[in-house]
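Following: one structure in structure tokens, then a few remarks.
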């Protein structure tokens, strides 16, 4: 993580939250979040369970409707432009779940086609899977034989195939072994270099510092602080995180 | 140890909304169908008794006429309803209810109740037997498909086994817990059924209470088969969903597919003639006889009588030669009828036996056969009554022809008998076969159901022993 | 584009799912078995129909020969069976068999054809009691259990196959986690589920219609395209109803296990419990008088009639003055006397039958009204009607036979009353029965109500499913 931390300045944001708020029953899961992620930026959302990270991602995906505010993808309001906004997005959940009885290639073909890419052809599909770090032999096997890391790579491949402008990652490295985890970071890095805007929810401070360009710390549905990873070391980040998430101001 | 498991399983089940609703549904259907069956059976029974009495009255008050005219007039016999038929109406809607006993002919049973209702009514009869044979097993499946599979999925099986409880105890506990829950709806139904049996006019069934007890035992065995199968599948299935889908498939094959497939197979193996063919064959044989059954020769019969009485002319015979000839014709036609109807009944019996054998693929066929047998509504008991009626007809004809022979002279058409003769004919009093006869007929089904019971229990214990914790 | 993508994926999933392939294969085998049963039964009936037809011809030609022989100076074979007597020529030995040809699609639905008589020997003594005869010789056990024909497979088993294919169409995607990934693409849950179900519906329809059309092709059922159309539309609409129900239950967003339980419960209630409950209610609310009463009534009427022959003859002539010409009033012939008695018995039987039929109509009306509650009953009715093995065709046949029997009597009774003899010349004028099958307009009229209700149910549940699916998101 040494290059191009300046990339976010200037360009129009691909992912933007304006006063984004979500209530579940009486509970506020997300409290007027303001956020703008520019092309080539990797924004890491940190925070304990229930801080509102996944809610933020679900709002960008239109899976839940905001109680107030707006989520925008490339300037399009997600609530009013569901299809158009999704065409620009790629999403990799914590567990990339695929059709177990189909091969990696078949899964990729399916999701890429759903994403509007048409039929890519077997060679191109394998190429994308290899680019995502899967070896060519594994690509033809049934997904039921895959490890979590391999499924995660298919998830990346789906994002690559889609040529998405923005990538939403929900705790993508939890449960991965260190090798798989750093391979994953390298892939995200490559997408970032292509000008993709990345929003990543994670528990992993080390990974956030390493992969992210900016870090936002959330607590009880609020973004409590925001900082650039270039400006802090690992130890600092951990200290700042703990300061903000120790239970000292929760609205419950 | 076990009673803790039983108590937990029982409590778990009766607190489960799904079970509560389905048990209420099945339980009320069972009670309603029992009540409905009882009302219908009682009504039919009264009608038949009244009709039988009227038929007798018609016979006795037919006035003075020649005994052979009386034989042509004949009597009607009505098939009585047996006491247990309210549980299982069996083939009754599909057999005729009455038969005309007249001279020269063995008639078919006519008036099939099923012909009076629509196709829609044919597919869905609400009888206690239907509920017991189909819905209760389904309830058992719903109760127990998750017994092991769900616990495994939730991870509670791991903890359970870690306590050191044996698989056998666990399985037994679950089986007893489910039985307890089922007893909540089956015991009231059994009590209601038994009460109805005692209160109802017992009808001409030998030992209705013993029949009822065996009937209950057969159904109990059938339920245990399903309970054991369900536990076995639950113990082995990878997931509760797999267990459910597999058990539902078993249920569909058992109740829907196998019985009908068995019918068609038995028809193909033991074909029966068409009604048209049958009627034509009987007609032809009645006219021409068959190889070793020749139609009586009137001249020969007269010659024999003349020789026997040592007279020269028919007019000198002390008896009526026509009466003798008529009786000989009866004997001849009886042999033709026995031949043809016997072959038909035998074909039906073979079809039934083949279906009983096919119960090896579906226990519902075995329990259905036993249930109808014990309720007195199977084909064999219909035949038993039909044969009793036919025997009565033959006795009646013999008596009429005998009276004509003895009390009139040949050529005397003015002879008329009166009420005295009609009243001397005993009324048709049908005695249903005893329990031993029924069970003797049904040994095959008893054996198959027993084999299912033993097989299912063994399978369950084997599968439970081999079950995996996670 | 999307539709093709989803379809392709569904096909792959299907091909990769062995249990599902086995289930589909098994269903095809069962349908094939059902069809062969139907064909065997159809051939059996056709043989009987042929035998009755040739029986008519043989009987007529035998009578003609005998009459011609007598006219040439011969003697009748028996004084009790002199064919010159109208009571013999129009009686049992000269009777004409009126026969109902098997329904055009009997191979697809045996229906009521194993229970209800499909031929009657008509003669001057044909009366209401004559209609109470048994149909085909059949083991009562087999009648009770029913046959495994295509109609049964469609009404009972098809819904189960549909439910097995679709109970987890959405819940499985949610449970295996692919739903979030799918819905992160620019597609709606509604369109994905619709395409998935459309794919399954295509597979199911192809199987069912394929086997049905094969059966129709093999047995000459293509002669009645209207019936095939009704059959196909009914089977497809019925299958779609179950697909819609599965879609709706899936839209509720519960687990696959919950869906399975609820859908099996719905099948049980709609296909098994409701029909039984409706029938039980009909039996209790409108109990049929026992047919046994009819036997008694017939007995009493004929006792009475025999005793009062002369009086009855006088009354008969009052009712039928046109007959009075041939009858010598002060010395009526035996034929006239006995016919008057027969007519009186027939009249009494008609009264009893009419009363019974009225009560039966009440019961049937109730069943028909409440059949709208169960799509299974609706489908069964339309399928049997399409096949020509339903109650309607048999009832129509019976009324045509009644009319034919009336024509038969009109032909012979004047001669009986006048004690006239008949000759070979009249044989050509003796009425013969030819069935007039209801046209497709009749069929369409009868099928309108059940199909409309089925379509309405389908639309209602489909709409509910559509609304429910519109609310489905990738996460809660």
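The values are calculated or read from the model by the stated rules, or taken from the named source; none is laboratory data. What you are looking at is a predicted structure, and each value in this text was computed from that prediction instead of being measured. Cβ coordinates were reconstructed from backbone atoms using ideal geometry, including for glycine residues, and neighbour counts include every protein chain displayed.
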- Message: Restricting to the range B:227-249, name every residue that is under 31 Å from the mean Cα position of the chain (by Cα) and touching a residue at least 40 places away in the same chain (Cβ under 8 Å).
- Response: B:227, B:228, B:229, B:230, B:247, B:248
- Item | Residue that is within 12 Å of another protein chain (Cβ to nearest Cβ), farther than 28 Å from residue B:138 by Cβ and either buried (at least 17 other Cβ atoms within 10 Å of the Cβ) or at pLDDT 85 or above (or both), where the choices are C:189, C:216, C:206 | C:189
- Message: Could you check the range A:11-51 and list, in sequence order, the residues that are under 27 Å from residue A:233 (Cβ atoms) and modelled with pLDDT under 90?
- Response: A:47, A:48, A:49, A:51
- Go through the range A:54-95 and count every residue that is at the interface with chain C (Cβ under 8 Å from one of its Cβ atoms), farther than 16 Å from residue C:185 by Cα and out of contact with any helix residue (DSSP H, G or I) (no Cβ under 9 Å at 6 or more places or on another chain). 1
- Query: So, of the residues in the range A:82-92 that are crowded, with 21+ Cβ neighbours inside 10 Å and more than 19 Å from residue C:9 (Cβ to Cβ), which turns out to be nearest to the chain's Cα centre (by Cα)?
  - Reply: A:92
- Count - residues of the range B:282-316 that are within 14 Å of another protein chain (Cβ to nearest Cβ) and more than 30 Å from residue C:121 (Cβ to Cβ): 0
- Message: Quick check on the range C:1-58: of everything there that is more than 30 Å from the chain's Cα centre (by Cα) and buried (at least 18 other Cβ atoms within 10 Å of the Cβ), which residue is farthest from the other protein chains (Cβ to nearest Cβ)?
- Response: C:10
- Just for the range B:349-379: of the residues that are surrounded by 23 or more Cβ atoms within 10 Å (Cβ to Cβ) and farther than 28 Å from residue B:229 by Cβ, which one is farthest from the other protein chains (Cβ to nearest Cβ)? B:376
- Note on the structure: Of the residues in the range A:100-128, those that are out of contact with any strand residue (DSSP E or B) (no Cβ under 9 Å at 6 or more places or on another chain), assigned to a loop (DSSP other than H, G, I, E, B) and closer than 22 Å to residue A:169 by Cα come to A:116, A:117
- Query: Of the residues that make up the range B:111-123, is at least one touching a helix residue (DSSP H, G or I) at 6+ places or on another chain (Cβ under 9 Å), more than 8 Å from chain C (Cβ to nearest Cβ) and not in a helix (DSSP H, G or I)?
  - Reply: no
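Here is a yes/no grid of residues against (1) more than 9 Å from chain B (Cβ to nearest Cβ); (2) at pLDDT 75 or above; (3) closer than 30 Å to residue B:32 by Cα:
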| residue | (1), (2), (3) |
| --- | --- |
| C:268 | no, yes, yes |
| C:275 | no, yes, yes |
| C:309 | yes, no, no |
| C:328 | yes, no, no |
| C:331 | yes, no, no |
| C:340 | yes, yes, no |
- Is it the case that some residue within the range A:129-139 is surrounded by 23 or more Cβ atoms within 10 Å (Cβ to Cβ), touching a residue at least 12 places away in the same chain (Cβ under 8 Å) and not in a helix (DSSP H, G or I)? yes
- Which of the residues spanning the range B:50-90 are more than 10 Å from chain C (Cβ to nearest Cβ), closer than 23 Å to residue B:433 by Cβ and assigned to a helix (DSSP H, G or I)? B:83, B:84, B:85, B:86
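Tell me, yes or no, whether the range A:178-199 has at least one residue that is within 14 Å of chain C (Cβ to nearest Cβ) and over 24 Å from residue C:171 (Cβ atoms).
Yes - at least one qualifying residue is present in the range A:178-199.
Return yes or no: is residue C:406 free of Cβ contacts under 8 Å to residues at least 40 places away in the same chain, in a helix (DSSP H, G or I) and farther than 12 Å from residue C:90 by Cβ?
yes
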- Going through the range C:95-116 in order, the residues found to be over 24 Å from residue C:439 (Cβ atoms) and within 12 Å of chain B (Cβ to nearest Cβ) are C:97, C:114, C:115
- Item | Answer from C:55, C:103, C:73 - the residue that is part of a loop (DSSP other than H, G, I, E, B) and either over 30 Å from residue B:260 (Cα atoms) or in contact with a strand residue (DSSP E or B) (Cβ under 9 Å, 6 or more places away or on another chain) (or both) | C:73
- If you scan the range C:152-177, which residues turn out to be within 13 Å of chain A (Cβ to nearest Cβ) and in a helix (DSSP H, G or I)? C:172, C:173, C:174, C:175, C:176
- Message: Whether any residue in the range B:273-281 is assigned to a loop (DSSP other than H, G, I, E, B), in contact (Cβ under 8 Å) with a residue 12 or more places away in the chain and within 14 Å of another protein chain (Cβ to nearest Cβ) is what I want to check.
- Response: yes
